[in-house]
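The values are calculated or read from the model by the stated rules, or taken from the named source; none is laboratory data. Keep in mind that this is a model prediction, so the values were computed, not measured. Because the Cβ atoms are built from the backbone with ideal geometry, glycine has one as well, and the counts that use them run over all protein chains shown. These area figures cover heavy atoms from the full protein model, side chains too; ligands, DNA and RNA do not enter into them. Shrake-Rupley method; radii C 1.70, N 1.55, O 1.52, S 1.80 Å.
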Amino acid sequence: MQDYYKVLGVPHTASAAEIRYAYRKKAKILHPDITHRDSDEFRELLEAYQTLSDLKARALFDQSYAFRGGAESAGRSGSNRTFDYRLWLLSRDDDESRAKLIMYDLTHGNEDSAVTEFKRMNMSRPNFRLSRWFGHEDFMDYGYILAEELVLRREYYDAILILDQIIKMEWKFHYFKFFFEEVEDFTRHIVLNNLEGTINDEMALDAWERALDLGLGKKCDSAVLMKMADAYSRIGDFETARTCRAAAGQIG
């Protein structure tokens, strides 16, 4: 039986975020759209990802594969590390260290801590930007994982702020390539299904205005404008509400 963890290049203790990150990283090299040929290696990669990203399938795989230590655990037990990188980051309060702490926790099984710290930094430091401290590829990968974690915790507005940056970066760098449709679908779903009634109208309007700039499609834009019209009506701005409805009608 193939060791799916080795296929993905992650330890068997890998978090869900690490598994998603590793899959996207390798798929960008092995995908048939890139190699222009069928690839057994890519099929193995996809099979490994589909198994390990499903909690029940992963548990069954772990039981059947019966990990019993081996080189990985031996390497860990033989190491004599005296420097704890996470503790060092925790001891520092500059923006760069806090940004790196968020990403470290995100990919080392501490997703709750990563989201909590991200929220704290956003609220306490208005100029805090994760993208400032990472190359655009790392930010786009880690940022997308963070957006997924934020949505799991119903932090929809913060997720949209990150996805807004990621999509605009993709226009310039074309990093996600064939995964970009997944990013757009994810953003579209949040915009159309998760904002209304979960955050205040002012924040929702800001998120919807951002969505209109992202080119998510005419159908999405029309639906967004109707949601904006309803929100403007609720806050008493009936003239802008009429303008939004008219614009939605023009899109058809």
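Quick check: pseudo-label points 7 Å beyond the Cα along Cα→Cβ at Lys177 and Phe238, how many nm apart are they?
Placing both labels 7 Å beyond Cα along the Cβ direction yields 5.5 nm.
Read phi for every residue in segment 179-196 and hand back ³J(HN,Hα) as whole Hz from Karplus 6.51 cos²θ - 1.76 cosθ + 1.60, θ = phi - 60°, with x for Gly and Pro.
Working through the residues one at a time gives 7, 5, 4, 5, 5, 5, 4, 4, 5, 4, 4, 4, 4, 8, 10, 10, 8, 5 Hz.
Between Asp206 and His136, 0.36 nm times their residue separation minus their Cα-Cα distance comes to what? It would help to have the intermediate numbers written out before the result.
On the way: separation 70, 0.36 × 70 = 25.20 nm, distance 2.43 nm.
Between Asp206 and His136, full extension yields 22.8 nm more.
What are the residues whose amide H is under 5 Å from the amide H of Ile235, where those residues sit 5 or more places off or on another chain and H is modelled from the backbone?
Distant-sequence amide H within range of Ile235: zero hits.
Quick one: pull the percent of accessible area on the chain belonging to carbon and sulfur, 1.4 Å probe, ligands and nucleic acids left out.
Values: 6920 of 13710 Å².
Solvent-exposed carbon and sulfur of the chain make up 50 percent of the total.
Using only Cα atoms, locate the centre of segment 118-157 and the centre of segment 166-182, then give the distance between them in Å, rounded to an integer.
With segment 118-157 and segment 166-182 each reduced to a Cα centre, they are spaced 17 Å.
Between Ala246 and Leu30, 0.36 nm times their residue separation minus their Cα-Cα distance comes to what? Don't skip to the end; give the middle numbers.
Working: separation 216, 0.36 × 216 = 77.76 nm, distance 4.65 nm.
That pair, Ala246 and Leu30, stretches by 73.1 nm at full extension.
Report, in degrees rounded to the nearest 10, the 0 to 90 angle that the Cα long axis of helix 16-30 makes with the longest principal axis of the chain.
90
Set Lys and Arg Cβ to +1 and Asp and Glu Cβ to -1, take the dipole of the chain about its Cα centre, and tell me which of Pro126, Gly215, Gln250 lies farthest positive.
Towards the positive end, the residue furthest out is Pro126.
Calculate for the chain the 222 nm mean residue ellipticity that helices alone would give, adding -39,500 (n - 2.57) per DSSP H run of length 4 or more and normalising by residue count, nearest 500 deg cm²/dmol.
-22500 deg cm²/dmol
If I build a Gaussian network model for the chain, linking alpha-carbon pairs within less than 10 angstrom, which residue out of Lys28, Lys168, Lys56 has the largest mean-square fluctuation?
Most flexible of the set in this elastic network: Lys56.
Once you charge only the Cβ atoms, +1 for Lys and Arg and -1 for Asp and Glu, what is the size of the charge dipole of segment 125-252 about its Cα centre, to the nearest 20 debye?
Dipole of segment 125-252, to the nearest 20 debye: 220 debye.
With an 8 Å Cα cut-off and a minimum separation of 6 or more residues, compute the relative contact order for the chain in percent.
Values: 215 pairs, mean separation 29.5, N = 252.
After rounding, I find 12 percent.
Restricting to Cα atoms and excluding each atom paired with itself, what does the Kirkwood estimate give for segment 172-218 in Å? Show your work: numbers first, answer last.
Numbers: mean 1/r = 0.0857 Å⁻¹.
With all distinct Cα pairs of segment 172-218 included, I get 11.7 Å.
Under the classification rounded if a/c is under 1.5, otherwise prolate if a/b is larger than b/c and oblate if not, where does segment 96-167 fall, given a ≥ b ≥ c as square roots of the Cα gyration tensor eigenvalues? Show your work: numbers first, answer last.
Details: a/c = 1.09, a/b = 1.05, b/c = 1.05.
Note, shape of segment 96-167 comes out rounded.
Just from the alpha-carbon atoms, what are the Rg and Dmax of the chain in angstroms?
21.2, 70
Given the options Leu225, Leu52, Leu60, state which has the largest fluctuation in a GNM of the chain using a 10 Å cut-off (strictly under) for Cα springs.
Taking springs between Cα atoms under 10 Å, the residue moving most is Leu60.
Residues of the chain: accessible area per residue at 1.4 Å, in Å²? Display every interim value, and only then the final one.
On the way: 13710 Å² over 252 residues.
Accessible area per residue: 54 Å².
Can you give me the long-range amide H partners of Asn110? Hydrogens built in the peptide plane at 1.01 Å from N, cutoff under 5 Å, separation of 5 or more residues or another chain.
Those qualifying (amide H under 5 Å, at least 5 residues apart or on another chain) number zero.
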